[in-house]
Structures are given as structure tokens and as C-alpha cells.
């Protein structure tokens, strides 16, 4: 600790902190523009200059470390005038008459949002008007005086990129966007280019963002103090009338973010720092989500089929039709498909309703669970990831098999980057790299089984490699290198993605090899990148054959027939399947989107997405998150929870009377299940005893899961921009 | 295993003395300005002429002796006599000159002096007015020896400084440099010994020593000359510095525009290593040192220490705020010491002859010598080395030979774009860090440009701010935007659109830029503007109020006209005019169409009758209407 | 793009300090920096291509378009300016019919301004490719251009 004096006050500060830190910790205001608490200090805007005794010139507070005995003054006449002079220079190139106008506040409040202009010529047209850092600084230092010629830059607008628009004329070159993209995301899609007055932020040769490596996460947009980078999808969404902090329900990462709503409609996503994703989100959760949730493709009306026509009806009639339809069959002729996009509560309710009428043919639309069960049974006591995403930060070696993260779990790349900056070597084994992490060794393998076998084989010699630091290349090519690196590492992390599970045997083989590898290298974390946001939660909701409540592997009793197998004549689907067996006579579909083959449905029940639902989900590292919303389902759609409660009532399901909202379920049913905490991880040293090989597993195949699917919908259809981006990256379904 | 230094010196002296005593040698001044002036063509003429005879003459390329106005230069050594210098040569002058000299007659229009004591009525070059007041320490070898011949360097005292340094402890070496009073010759004037001590004391390894040879000041070529003319000296200085600081890697950061300097450094570094002055166990001690060269890529700002280091690290050359200082956290976060070429080049002499000897030269506050490039409107342009404390007057009038072409002195600019312009009544100032700074200029790196009455000081200010604006890295608003606003204002003023209050705005902007900029580029960019406003305010006011350029240099404010009385109608001007705007019959007075005239000056230089003149021509009022600037 | 760029880049694999030397070598080889070169550099050096472009555009030395057969540089340092550098540039621009930074229509000459060649004592200075011409005047420049046109 060191003792300093700031503005006459004696303060004690931790050694190594900057003067700016010290000021902020003590509620002393120093204006900044280029500084950001999550990013390295830049020292570029010069607004944070302070006077320190012993230094001839003013020094920037954001880069100067404190030292014992320092005497600092953050405000004095010459310094304040200088700050105003510098701000005047910045504003002389930024449309700023609004900023100093007396009528500003009323104007912003009272003028509607319908002003649309491509180029920002004043605060009224600026998407950032409610969170503009320039405003703040102007007010705090009481600037209001222009005495130098004003000249706006009039640089060309960048409007052709998906998702984001860039107006570099109002950029103040704080450099935050460049820093967040490089330091936090590890991408570097934009950089400071050119020099002197021509300096601007751009891409190599001004190429489009889709070519420059951009992952369209919007981090740059979040840190931009002005409106230079803005979101195309939500620019004109208007002032939200409600906001709520929620977990995102697009993928198994379960990022935390602020959801914004207007008139009951989901309008925008903004970052929030209190979450395990550091305020980072991704192109799906941030941008595509809004277009997807509000897509005109949403199912709006309950429908009942008569002949070839699916007729819109009211909910009474629709639910009656379901009950009627199901009554015609015995419980073991009924199959239920639970969607891994449902909340744990909705899923629990689903299986409770059907088990109450004696039906046990319930499975989850995930390609990954079944093969994992088959590969790991007898060796583990439950199917979960081991470790959490925090283990990635400290990893000294990372192996990712079956994904390159860019489409399915983009936010994890920020963790991988953090580890890489500390020296961790990362290997990505993927079918096809789309936009893989720049700092990784990327191996393109249509099927990783062969490579994984070679890695295991190379482990024997890896143990004897003396003084191996895990860098460089080893004998045995990549297999040898991977084996050596993981063996030499003290905290290796392995991630398993969904690609190998497209074919069941591959999924089983790879799963088996991964577990073997994990044990052999004493891995710190084994993270399963599930093909749905709440696969883990559904296991706990008894929607997965062979796995009961609390994730226990049921050794007896459990659903005994796959819902799409022989003998099934009636189906309740909450997620589309690629191919409904001919023998099925009655189909009820419950979901937010249509699918190819929905004409076969006898009853359609329009329900909700995560953005208009409430409940909990469990992320891939077992973290329990909560979904909150202020959106109303569109037109006549209802929440799954409500529909199931209704249906349950009509079917005479028991035990529903003391359930009023989803949280009643999670608080009373799930063991050790708390929002913000992790559920129990699997034990790979557990002696599970011999497990009956015929014990049930979740069926594989037929499910339409994939990194760009939401409840069966190909979200590139709902979001054109998303389609443009991923096709550029070489994605084909 | 390299040979013992004593043995090497003995052999080198032999080589050198042999050369001195050789019958026939011609030394050719082959530095970049010599080449630009045409030494290669002169050399060809020499070879050709010699082939007609049967003299066996050795041709030796030497560096720049500093008398650049007299390039191309050769020194002819014949008989047992010292070499005699001839300058301003063209290929056609060679036969007569050589025949004369070899015939015993040294007299020639191109004769400049003897390298050494005069003989046979010929004066020594050291008595030439351009040379006499100089004190040549850093430049003691420049132009007198083959820059890449290590034996020449050894024979003339080379590596003796290193020898002595290695016999002392590193702390003692630092102390020696401190006591010498040497101050940073890049322009900042920070005591070099203290800089070394700070880096030596800093924690961290490895440490780095960097020689800043990015010399970006337009109008300056001191560092280039030294690197081309005496590369071993700089190398020796770097090794001594490395030893003192405690580092095993030294880096030359040389701007890419100096290919000859880079080439010579590479040759000399290789040779030095062969002879045991670089590499492992230098001169049989435990000390090992390596030198590498990093090339600049065209950015003036990379002369700033933190920008230079960023460039080496492969980044944009954008300066970083200080603290932390390079001595604590420099290249790749390690303690780094950066010195200018001239500072490094002073070190071998200081170690060889001692701190006291060095401190006795110059003044109390500023010891040693200063190397200047004197250029501009004087008779003797070139590279000079003078003791600190000499007056500007001596430099301009004695060494510089006074203003050329019969024009009158207006100002002398020192310190490049960071410096200032000093008027005639400041010529009595002595050259030292403090007195120049107090007057509004700075010592700078050594560029000194003389201006005459035909130079407009507002134009000069505009030139400098345009330069710094172009070279601004763009990181901080005061420099990036402030210098642009200042440049725009100056442009406005020089085209006759200046308004009341512009000077006050300029001064206010200058103050923000100076105090707010992140680095010295922005911090000193307003200096030329401020110093010209200080000393030549009336010129500014003439431009703003009267729309007149007193020096008749600002093209929008003048017109070219032909004096009908003097014009003989020779048509030379009309034929050379690039826009063909001069009309007139042969033998009749010609007329310039001022609307088409672009004021390139070709007609003035073509006319042999002094008939073409510039006159004041303020832009017409109506041209100003509708030309609002700003809001 | 140069075919042996890999040889130039390889020693700097994974190190950003190789950016400037590699760019210089590429420019030496091709005369300019292409997008292909930058992308290739990015893969080997492990630095984003946009970052590399940001570095390249910072330094005046690097060009991004194929230059003319010959590069004409007019020095605009202080000494050259004071001795008529601006007028010299003006005359050359007219004669070549190209502004500083442009290439003549026939692709023979690219005209550039340069801050200082360091030959101030022989100002004004003109450089064509590697040849330095001192003590230039508008008249001499015109003559010289005529000569180059004949040879080029």
C-alpha cells in the first residue's frame, strides 16, 4: 500500500494501481473517454490529465501508477481550461451542436423515435443518445463554448455489413473497440488504420467485416462511447419501457444479459458485467435472437386439422382436440419428445403430465446424450461436464473436439483467448473451421475418431518426454503434439462439441476416447458443449431415458420405448423431428415455429421462445441460470408452462394444484438446484458397478439439432444477416 | 580468438601510414550528398583520364568532410605531400586539374586547401573560414578515412575508448560519462550519464541499448553523415554503452531513407566482430555484445523514444504516456536506454581522452560540441561541428559565409519542426540548450536553416505545422486535431482569407496543443508558429489585415509582371513557361497573363535581364464572398 | 504476390516484431503490399490481418497499389522548401500530369513527396528510383524528365 495526497486528501492506495483507479475508489471525478475498466489503459484522449508534483507537464491519470508520497491535483484552473480546450477540439469534428444546446434534454425526451437518417448529424439521430459518454464529460466539466472552426469529417458510411453499421465520422478514436476486439475477444477484426488526421478505425483494405474475421458479437458496439458503431437490428427499436436481466436461452453457454422490451415485445440485448460471460454475448444471442423471436414465422394461432386443412381455433378447442386424440390410444402407444430449448420447469411439467397418464415414452431431442450414455455408463455416476468455464482461464493446454466455437459457443472463445494470452496452447479439431480462434492450431477432420485414437496411442510415449514444455511439434505429427502438450500441462481442459454426434457410432466412439483421454492426462475440466441450451436441465427433469431426477442414472424403471420407435401411434412433439414414422396416427405439435412436415400435425399449439418465457436453464458447465422476460407471446401463443398446466388439468394429472408459477417447481422438486450455483458434477472415479447394458438411453438420430437451430428452426431463415455471415464462413447445414 | 588490441593497432598504423606515404592517391568524397552532387560522374572522368597516362593512382572513397556546398570534392595526394582538396568539380574540370597537380602546379579555381599544414603557399583547409572555428570531435575522422576500413579507424585512435572502458567497472564508465557533462544530442539535452545510470539501476532483464538514428527532422543530415562517414565510432560508442548499462544487445534504429548508412553499418559490424570487438568475450573480457539493425519505415514520430520502441515491436509507431519511462519499462517492457547517434558518437572520445578533457570544451551548462547541418540561404552549406558556446552569428557569418546571392538575413531556424525561428537581433545568442530554449527556439538535433528576405515567415510556419501535422501519429486529439486546425488557419492566412482574431485563435490552439499533447511531436509542433508570431508579428498582420506578403513568397498574394523597360523580348521566359501564359513578339516586351500564371518562378530564373518581378496582388474582394469557413 | 514470401516470413513465425521487416521485404519484391500478402503474413505471424494493415498504413514507406515503373520523389524538407521545393513539385506535377501520390497515365512514373532525403546541402533534391539529383531547378527538372521519358 502507498500513501498519496489527492486534492489535499490523504489516501492510501494499493501499490500498482493507477492514479485514475485511486481517484475512482475515492469518488473523485476525473473525466475520461478512452478509458474502460475492462480494457488496458490507452492514454489517448488526454482528458484525464492531472497535475502531479515533480512532473513538469501534466500526466494522464489512467496510465500513471501511484507511488508513495505522490501529491496530485485533479482540478485547477490551467488544467480545467486545458481539458475544455481538448474537448473543444474533439467536438469540433463531431456533430455536437446538440450536445451543448440548452434544449437538449427536452428535445430528446419529447421527440419521437421515428427519425431515421443514415448519417448521424446530431444527437436526435444518434442511436447512442441515451448513453453517450461525450454528453457526460461535457456536463461534468461544464463545457459550453465553441471558439474554433468546426469541420465534420464526412467519411463514407459503412452500411453493407450484417448486423452493424459504422459511421466513422463521429468516431472520436478512443480505441476502445479495437482493444475489446483484440484483448477480450481475441479476434482483432478491426484496427486503427492510417495516420495523422486520416487515422480511423477499419479493416484491412477496407474489406467487409465478414471477411475481416469479425464474429459479430457486438462488443465494439458496447464499448463505443459515441454512436459510431451501432446495431442495425435494434437501432430504431426505441426507448425500452422495460428491462430485465436474464440468461440467454440460445445455446448451452447461458450468457447473462439485459433484455429490453417495448410494448411487450423483445427489442434488444445489452451486456451486463455480473455474469460468467463478462458482459460478452454473441451474434446469435445478441443480434439474431431479436429477429428470430420476432420473426413473422412465429406460430400465432392454435390449429386443429380437419382433412387437409389446419383450421385456427381457440385454445379450448385445441386442447380438447389433444385430449381427444390421445384418449384413443393406450399410454404405451404415446410418445413425447421434449425440447432441450425448454426450461427445466416446462420440461418437468411435460413429463409429469404424461407420466400421470401412464406414458413413459419420453425422450429429449438431443443427439449427444444417448451416445454419451452408451460410452460412459458404468464409469460415471451421471452425465455432466466436469469443471466450469472458469477453468478455461487458467488452463495451460486446451483441446476442443467437434466444434470451433464460432457457431455454437462463441463466448467461450473469450476464455480460450484469456488462457492463450497466458501461454496456453489450444488445439481445435473440427469438421470444418468456420471462424476459428486465430491463436489456435486448427485441424480439419471430417471425423475425429481416428485422430483421437492416435492421440491416446501417443500418450504412452508422451509420459517419457523429458523436460517437455508442450510447445513446438512432436514426433507423431499432430497426434503426438496434442498428446505431449496435454500430458505436460498441469491444468488441461477438454471441450467436446456436437459435430461427431451426427452419426451415432462416431458419437459413441469419440465420447469414449475423450473420457479416456481426460482421465489419462488428469484433466482439470471436461466441458460438454451441448446441442441445446438446457440439455443438462432436462436430464434433471426426468426427460431423458435412463436418467432420473437429480441426474441419477436410473438402474431400473424408466421409459422403455423410444418415442419414435415401433408401436408408437400418437406423438406430442415440442420439437420437430425430421421424419415422423408412418405408423403414427396422431401428432400434436407444441412449439414456436413451423417445420417441414408440420402439415401432418393434427393439433398445433403455438408456444414461446426463451425470450417470452420464464424459468430456469442449466448451462453446459452446470450453472443454473434464470430466464426472465417482460415480453408477451405474440397473438394467441402461450407459454409452454401455461399450456402444459391446462393440458395436465384436462388429462387429470395429479400434483399440479400447488403449482402457480415455474419457480414453484424448481424450488420444490430439484435437489441442490439454485439459481447462480452449479449442480453436482459427475464423478469419473465412481464405481457405478455393472450397469445393465440394456438399460435405456436417449435415442439418437432423427433430431434436427445443430448450432444454428432454435427449437427446430434454422435461424438463418429468420435472420438474413446471420445467414449471410455463416455462409461466408463456409457453413452448410 | 581475436588478436590482441595492441597488435591490431600496430598493424593498422602501418596500413594507415603506408597510405599516407603512398605516392599517388585520390580521395573521393562519397557520401550521399557527394553522390547527389555528382561524384560518381567525376570519378568516372578521373578513371578515364588516368587511363590515358601510366600513373598508378589508388582511389579511396571517404565520407563527408562537411563542406557539402563544395561537393563533388576530391583530395589529391601526390609526391610526399599531404592531400590537397578541390571542390565544386564537374567531369570536364578533371583533365586540367590532374595534369596541373601531377605537373607540380596545385593552383586551380577549385582549390580549397590542404588536409594538414599548408605548404608551398597553399593554405591549410583548417584555416578555411568554414572550417577554422570548428572543433571536430565526433567528426574527427569524417572525410579523412575510408569509413569501412577498420585499420584506418584503429590507426586514428579507434577502439581505445572501448579498451579503457573495459578496464573500468561499468559504474565507473557511467560516472565518466556523467562527469563529462554530455547531454542528449537528440535535442532534449538530458544528461546522458544520468540516463545510463537510471537504466543501469533498473530492475529487469534483458536490458536493451538503442541508437536512435531515425533522424527525421527535414533539413538535417548530421546523423546520416556520421553513420556514413565514421560508422566504427558509433559502433564503439554502442559497445561502451552496452557495457556500462549491462546489456548484451544493442539495436540501431535507422530510417529506411538512409540505405548507404545501413550498408556501411552492416559491413563495419561484421568486420568488428571478426576482429573481436563484437560478439563473445570482447577483447578477451567476460563482456559479450551483439548489434542488430532495425529499419524505420517512414514515420517521423518514430524518432520519439516510445514510438521507436513500438516500431521495433512491430506496432504502429504511436507514443506511450510516460511514466513508466523507457529506463524502467522500455522495449518489450524491459529497461531500455535510447541515445541519439551524436550522443553515442561522443562516448568513444570521452572514454579515450577522459571526462575532464571533454568537459573543458563548451560551456559549464552545456559541455562538448554540437554538430549542425547549416543549410538554406547561406553560401557555405554543410555539416559542421562547433564547441558549445559559439554564437549564432559566428556560425551564420563566419562558418556559413553569410547570406548568399547578396540578399539580407532574415531568420535562422534551429531544432527542426520542434524549434523556432530567430531574427537578426538574436544572432548574438550562444549555442547552448538553455539560451536557445529561452529565446523560443530549441537546440534540437542539429538542423539549422538560414532564411533571407525572400522567405515568408508565415509560410515557414505553415510549412512546419504542415509537416508535423502530416507526421502526427493520430492518437491524441490535441495533436491530431489541433495541428490540423492550426494548419488550416495558416493556410487561410497565406491565401489572403485571414480574419481578425485568427492570431489569437492560433495562439490559443497552440497552447492547447503544447500542453495537451501526448508526446514531444505535438508538444513542440506549435513552436515554429509561436516563435514566428513572437518575432515577426508584423508579417502575420500584413497577411491578415492588408492581404499582403511582405516577402512576396505566398503565391496567392502576389502576381508576376514583366518590366517593359527592361524586357528585350528574347522569348526565353515564354518558351520555358509551363502554362504558356507569356505572350509577346520577338524583340518586343512580353506580358504575363496573371490569371493563367502559376507563379512557378521559371520565368524569373530564365530572364537574364532582371525584367520579371513579383508584385503584391491581394485577392479581390468578391472572391471572398460566399466562402464561409467553419459553421 | 511474391512466390517466396514464405521464406521471408518463416523466421518470424508467431512473432509480431517481424511485421515491419516482412512488409519491407514484400514491398522490395513486389513494389507494393497486396491483400494477399497481408493475409499470408497474418497466418504465419499470428497477428490479425487488420492489425497488420493498421501497421502498414501507419508508415509512409508502404504502398498499396502497384507503382509505376519509376518512382520520382521530390524532397520537401526544410532546406529544399526554402530553396524552392514547392515550386519544383508544382512544375513536375504539371509536366508529368500527375499529382503527388499518383501514377502517370502511361504507368511509367509515380510521383511522391518525401519529407527529407538528408541531402539538404544540395537542395532542392529529386530522387528517381535510387538516383539522387541535387541542386535541382524547375528548368533542370523538366530537362531531366524529358531524358527519363526517352529512356523509360
By residue number, the members of region B:78-97 that are within 32 Å of the chain's Cα centre (by Cα) and either modelled with pLDDT under 90 or within 19 Å of residue B:44 (Cβ to Cβ) (or both) are B:86, B:87, B:88, B:89, B:90, B:91, B:92, B:93, B:94, B:97
Within region A:134-154, residues away from chain B (no Cβ under 14 Å) and under 36 Å from the mean Cα position of the chain (by Cα) come out as A:135, A:136, A:138, A:139, A:140, A:154
Picking from B:482, B:446, the residue that is buried (at least 24 other Cβ atoms within 10 Å of the Cβ) and facing another protein chain (nearest Cβ under 10 Å) would be B:482
Scanning region A:124-142 residue by residue, those without any contact (Cβ under 8 Å) to a residue 60 or more places away in the chain and either part of a loop (DSSP other than H, G, I, E, B) or surrounded by 15 or more Cβ atoms within 10 Å (Cβ to Cβ) (or both) turn out to be A:124, A:125, A:131, A:135, A:138, A:142
Test: residue A:363 is more than 30 Å from residue A:729 (Cα to Cα), part of a strand (DSSP E or B) and at pLDDT below 95 = yes
Only one of (1) loosely packed, with under 14 Cβ neighbours inside 10 Å; (2) free of Cβ contacts under 8 Å to residues at least 60 places away in the same chain; (3) away from chain B (no Cβ under 11 Å); (4) over 36 Å from the mean Cα position of the chain (by Cα) does not apply to residue A:104, and that is (1)
Among helices (runs of 4 or more DSSP H) entirely inside region B:106-209, those with 1 or more residues being over 30 Å from residue B:28 (Cα atoms), outside the structural domain of residue B:63 (by TED's automatic domain parsing) and in contact with a helix residue (DSSP H, G or I) (Cβ under 8 Å, 6 or more places away or on another chain) are B:160-167, B:170-180, B:192-201
Just one listed residue, out of C:77, C:68, C:84, C:31, is away from chain A (no Cβ under 14 Å), modelled with pLDDT under 95 and either closer than 24 Å to residue B:213 by Cα or crowded, with 24+ Cβ neighbours inside 10 Å (or both), and it is C:77
Residue B:613 passes all but one of the listed conditions (1) under 38 Å from the mean Cα position of the chain (by Cα); (2) surrounded by fewer than 17 Cβ atoms within 10 Å (Cβ to Cβ); (3) touching a residue at least 24 places away in the same chain (Cβ under 8 Å); (4) in a loop (DSSP other than H, G, I, E, B); the exception is number (4)
(message) For the structure I just gave you, tell me whether residue B:523 is more than 7 Å from chain A (Cβ to nearest Cβ), touching a helix residue (DSSP H, G or I) at 6+ places or on another chain (Cβ under 8 Å), over 14 Å from residue A:149 (Cα atoms) and not in a helix (DSSP H, G or I).
(response) no
> What do you reckon, is residue A:47 crowded, with 22+ Cβ neighbours inside 10 Å, in a loop (DSSP other than H, G, I, E, B), in contact with a helix residue (DSSP H, G or I) (Cβ under 7 Å, 6 or more places away or on another chain) and modelled with pLDDT of 95 or more?
Replying inline: yes
Just to be sure before I move on: is residue A:199 free of Cβ contacts under 8 Å to residues at least 40 places away in the same chain, within 30 Å of residue C:65 (Cα to Cα), within 14 Å of chain B (Cβ to nearest Cβ) and over 18 Å from the mean Cα position of the chain (by Cα) in the structure I sent? yes
Exercise. Determine, yes or no, whether residue A:217 is under 26 Å from residue A:421 (Cβ atoms), within 12 Å of another protein chain (Cβ to nearest Cβ) and either without any contact (Cβ under 8 Å) to a residue 24 or more places away in the chain or surrounded by 19 or more Cβ atoms within 10 Å (Cβ to Cβ) (or both).
Key: no
Only unsatisfied item for residue B:314, checking (1) on the phi > 0 side of the Ramachandran plot; (2) more than 14 Å from chain C (Cβ to nearest Cβ), is (2)
**Prompt:** Out of all the residues in region B:78-87, is one or more touching a helix residue (DSSP H, G or I) at 6+ places or on another chain (Cβ under 9 Å) and part of a helix (DSSP H, G or I)?
**Reply:** no
> Would you call residue B:532 under 21 Å from residue B:456 (Cβ atoms) and assigned to a strand (DSSP E or B)?
Replying inline: no
Does residue A:211 qualify as being within 12 Å of another protein chain (Cβ to nearest Cβ), surrounded by fewer than 20 Cβ atoms within 10 Å (Cβ to Cβ) and touching a residue at least 24 places away in the same chain (Cβ under 8 Å)?
-> yes
**Message:** Considering only region C:114-131, I want to know if a residue exists there that is surrounded by fewer than 20 Cβ atoms within 10 Å (Cβ to Cβ), in contact with a strand residue (DSSP E or B) (Cβ under 9 Å, 6 or more places away or on another chain) and either within 14 Å of chain A (Cβ to nearest Cβ) or assigned to a helix (DSSP H, G or I) (or both).
**Reply:** no
### Message
One residue is enough: does region C:45-52 have a residue meeting the conditions assigned by TED's automatic domain parsing to the domain that holds residue C:10 and in contact with a strand residue (DSSP E or B) (Cβ under 6 Å, 6 or more places away or on another chain)?
### Response
yes
Those residues of region A:55-94 that are in contact with a helix residue (DSSP H, G or I) (Cβ under 8 Å, 6 or more places away or on another chain), surrounded by fewer than 18 Cβ atoms within 10 Å (Cβ to Cβ) and more than 9 Å from chain B (Cβ to nearest Cβ) come to a total of 1
In region A:234-249, anything part of a loop (DSSP other than H, G, I, E, B) and surrounded by fewer than 24 Cβ atoms within 10 Å (Cβ to Cβ) is listed as A:234, A:235, A:236, A:237, A:238, A:239, A:240, A:241
Apart from one, (1) in contact (Cβ under 8 Å) with a residue 40 or more places away in the chain; (2) more than 9 Å from every other protein chain (Cβ to nearest Cβ); (3) surrounded by 19 or more Cβ atoms within 10 Å (Cβ to Cβ) all hold for residue C:89; the odd one out is (1)
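Conditions (1) touching a residue at least 40 places away in the same chain (Cβ under 8 Å); (2) in a helix (DSSP H, G or I); (3) in the same structural domain as residue B:172 (by TED's automatic domain parsing); (4) under 25 Å from residue C:77 (Cα atoms), marked per residue:
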| site | (1), (2), (3), (4) |
| --- | --- |
| B:217 | yes, no, yes, yes |
| B:232 | yes, yes, yes, no |
| B:243 | yes, yes, yes, no |
| B:252 | yes, no, yes, yes |
| B:262 | no, yes, yes, yes |
| B:269 | no, yes, yes, no |
| B:272 | yes, yes, yes, no |
| B:286 | no, no, yes, no |
| B:290 | yes, no, yes, no |
May I ask you to verify whether residue C:146 is at the interface with chain B (Cβ under 10 Å from one of its Cβ atoms) and in a helix (DSSP H, G or I)? no
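The values are calculated or read from the model by the stated rules, or taken from the named source; none is laboratory data. The shown structure was predicted, so the numbers you read here are calculated from the model rather than taken from an experiment. Positions of Cβ are generated from backbone atoms using ideal geometry, with glycine treated the same way; all protein chains shown enter the neighbour counts.
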